[in-house]
Amino acid sequence: MANSNGKSLENWIWDAACSIRGAKDAAKYKEFILPLIFTKRLCDVFDDELDRIAKEVGSRAKAFKVVKNDKKLVRFYLPLEPKNPDDAVWSVIRTLANKIGEQLTTHLRAIANANPLLKGIIDRVDFNATTHGQRDIDDDRLSNLIEAISAKRLGLADVEPDIIGRSYEYLIRKFAEGSGQSAGEFYTPTEVGLVIARIMDPEPGMEIYDPCCGSAGLLVKCELVLQEKMNLRSKKKYAPAKLYGQENEPGTWAMANMNMIIHDMEGEIQIGDTFRKPKFRKANRLQTFDRVVANPMWNQTEFKEKDYDADELDRFPKGAGYPGGKADWGWMQHIIASLEPNGRAAVVLDTGAASRGSGNANSNKEKEVRRWFVERDLIEGVIYLPENLFYNTGAPGIILVLNKAMPKERRGRLFLLNAAREFTKGDPKNFLAEDAIQRIADTFTAWKEVEKYSHIVTKEDIAKNDYNISPSRYIHTGAADEYRPIAEIVEELDVLEKEAVATDAALKRIVSKLGA
């Protein structure tokens, strides 16, 4: 029942979101919509738990009293009690008739107060909020939204955690499509997450970390892939992965927590700036993990050399150097420091992070950090992705895979895979079909060389190419033999132009001294 319900559930969840002001404006209201659908799931599951207890104690009225006295009998205790105990718990919200925004906010805050795990997650939104004297979402629209959400039951018998979780993530993806430039801050395309999770190949009980977790999609995918694997092994009992994430933006942090809970996964999501203040520590040292997955914001320029120098956790070794004005390789340094001695990581970066500075006569800080990683056999490989997959850019991006304990037979080499042509055309974004996801993951895992697709290069090859590790440099797909994205070329021209200006200024100083 649940599986056949999956697609219709996605349609319903999107229709509910559009009930406020249509598809065009749905993304603007995500902070109202997500907590309400989440609360509907909590209410319906609480109903199911009450029904189970009622069978033992004789009635729903008694079940309410029992649970009120011992809240540990249920995962989340909801202090919502309908006048008729046989009515659904959600009916308390559905029957709100006046001051709906005010009463709804009060109910959600009461739920958060009764459940420490939900503090700051469902109670951070004021459904009665105003901007310049006008309600952000008026009671009529709120009533329509509540009614649209009421159309489907989301209880344990109706929807499996995976189905409701996938549908919830579908909603987050739809919001990303409508959110323009900011979307990449909270959402990595599902299929990119699945490529990463399959390459990371998590095992039961592993500790998996995302230092900039957004809505926790990459962590969720790792647990889903683990579940798939265990189902194939016919193992019903196994230790789930332990999931850890940190997110700086409070609204996105709340989204991550809701996403984890609605998937019925347990993890720890901390709030704060990972780069300056990583929260996961043990005995005042950086906590380390079996796997790290991440999609940090590309080409961040806000971190300066003083931010690296201020670090007290040995994340940025002096030998590696300061990576310059863009933080991509600063994130890689944080991630390698966060890995267990036999740990692996997969990180999504801008393509420029693989090539910036290579081929230029002058020294380049990013290139020097890349060299440090290559010389220490820390990079297992690089995957070049198709264009127009990500919501905040049309650029292709790469997945850079780290391995802190490279197998002896693979040392001194890197596996490069050019998946530039693997996309299926979509609107508004391209996507990777299931067979493309599997082909990329299987080829990478096997280190299998395929003409115009994948290639093993040696450290010597990389040194000859001045530490350019972009697969597009070594593997020509044949579509446009030496195809490279315009953005990447423009960026390199910009670097060359700046270097030319600096060289010109230096020459003028020398000439003026000679003239003197």
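The values are calculated or read from the model by the stated rules, or taken from the named source; none is laboratory data. Quantities reported herein were computed from a predicted structural model and do not represent experimental measurements. Ideal geometry is used to build each Cβ from the backbone, glycine not excepted, and the neighbour counts take in all protein chains shown.
Any idea which residue in the range 26-74 is surrounded by the fewest Cβ atoms within 10 Å (Cβ to Cβ), counting only those that are of a type in the set (Gly, Ala, Ser) and more than 24 Å from the chain's Cα centre (by Cα)?
Result: Gly58.
Here are some residues: Asp210, Asp201. Which one is acidic (Asp, Glu), over 27 Å from Lys119 (Cα atoms) and either modelled with pLDDT under 95 or in the same structural domain as Ala405 (by TED's automatic domain parsing) (or both)?
Result: Asp201 is the single residue among Asp210, Asp201 that is acidic (Asp, Glu), over 27 Å from Lys119 (Cα atoms) and either modelled with pLDDT under 95 or in the same structural domain as Ala405 (by TED's automatic domain parsing) (or both).
Suppose we filter Val501, Val511, Val457, Val495 for residues that are modelled with pLDDT of 95 or more and more than 27 Å from the chain's Cα centre (by Cα); which single one remains?
Criteria check complete, one pass: Val457.
To keep it simple, each residue is scored yes or no on (1) under 25 Å from Glu160 (Cα atoms); (2) in contact with a Lys or Arg (Cβ under 8 Å, 6 or more places away or on another chain); (3) of a type in the set (S, T, N, Q).
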{"residue": "Trp14", "(1), (2), (3)": "yes, yes, no"}
{"residue": "Arg21", "(1), (2), (3)": "no, yes, no"}
{"residue": "Phe46", "(1), (2), (3)": "yes, no, no"}
{"residue": "Glu56", "(1), (2), (3)": "yes, no, no"}
{"residue": "Asp70", "(1), (2), (3)": "no, no, no"}
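Name every residue in the range 7-25 that is farther than 18 Å from Ser150 by Cα and either of a type in the set (D, E, K, R) or crowded, with 20+ Cβ neighbours inside 10 Å (or both), in order of residue number.
Lys24, Asp25
Just to be sure, is Lys99 exposed (fewer than 13 other Cβ atoms within 10 Å of the Cβ), touching a helix residue (DSSP H, G or I) at 6+ places or on another chain (Cβ under 8 Å) and farther than 28 Å from Ser167 by Cα?
Against the criterion (exposed (fewer than 13 other Cβ atoms within 10 Å of the Cβ), touching a helix residue (DSSP H, G or I) at 6+ places or on another chain (Cβ under 8 Å) and farther than 28 Å from Ser167 by Cα), Lys99 qualifies.
Could you grab me the full set of residues in the range 282-302 that are over 12 Å from Ala337 (Cα atoms) and assigned to a strand (DSSP E or B)?
Correct list: Lys282, Val293, Ala294.
Scan the range 373-385 for residues that are surrounded by fewer than 20 Cβ atoms within 10 Å (Cβ to Cβ) and in contact with a Gly (Cβ under 8 Å, 6 or more places away or on another chain) and report the count.
Looking only at that region, the number is 1.
Ala354: within 18 Å of Tyr384 (Cα to Cα), of a type in the set (A, V, I, L, M, F, W, C) and either touching a residue at least 12 places away in the same chain (Cβ under 8 Å) or touching a Cys at 6+ places or on another chain (Cβ under 8 Å) (or both), yes or no?
yes
Does Gln333 satisfy the criteria of being surrounded by 21 or more Cβ atoms within 10 Å (Cβ to Cβ), within 21 Å of the chain's Cα centre (by Cα) and among the polar types (S, T, N, Q)?
Answer is yes for this residue.
Take Asn98 and decide whether it is among the polar types (S, T, N, Q) and over 14 Å from Phe38 (Cβ atoms).
So Asn98 fits the description; yes.
State all residues of the range 303-338 that are assigned to a loop (DSSP other than H, G, I, E, B), among the hydroxyl-bearing types (Ser, Thr, Tyr) and closer than 22 Å to Ala283 by Cα; if no residue qualifies, say none.
Selection gives Ser338 alone.
In the set Arg291, Arg276, which member is without any contact (Cβ under 8 Å) to a residue 40 or more places away in the chain and among the charged types (D, E, K, R)?
Selected residue: Arg276, the only one of Arg291, Arg276 that is without any contact (Cβ under 8 Å) to a residue 40 or more places away in the chain and among the charged types (D, E, K, R).
Quick check on the range 58-115: of everything there that is β-branched (Val, Ile, Thr) and not in a loop (DSSP other than H, G, I, E, B), which residue is nearest to Asn257 (Cα to Cα)?
Ile111
From the list Lys429, Lys404, which one is at pLDDT below 95, of a type in the set (Lys, Arg) and touching a Pro at 6+ places or on another chain (Cβ under 9 Å)?
So the residue among Lys429, Lys404 that is at pLDDT below 95, of a type in the set (Lys, Arg) and touching a Pro at 6+ places or on another chain (Cβ under 9 Å) is Lys429.
For Ala254, work out the one condition from (1) in a helix (DSSP H, G or I); (2) in contact with an Asp or Glu (Cβ under 6 Å, 6 or more places away or on another chain) it doesn't fulfil.
Condition (2) is where Ala254 drops out.
Name the single residue that is farthest from Val67 (Cα to Cα) among those in the range 116-136 being in a loop (DSSP other than H, G, I, E, B) and basic (Lys, Arg).
In this case the residue turns out to be Arg124.
If only one of Ala441, Ala506 is of a type in the set (A, V, I, L, M), out of contact with any strand residue (DSSP E or B) (no Cβ under 6 Å at 6 or more places or on another chain), assigned to a helix (DSSP H, G or I) and at pLDDT 95 or above, which one is it?
Ala441
Have a look at Tyr209, Tyr187 and point out the one that is assigned to a strand (DSSP E or B) and either buried (at least 24 other Cβ atoms within 10 Å of the Cβ) or of a type in the set (Lys, Arg) (or both).
None of the others qualify; the one that does is Tyr209.
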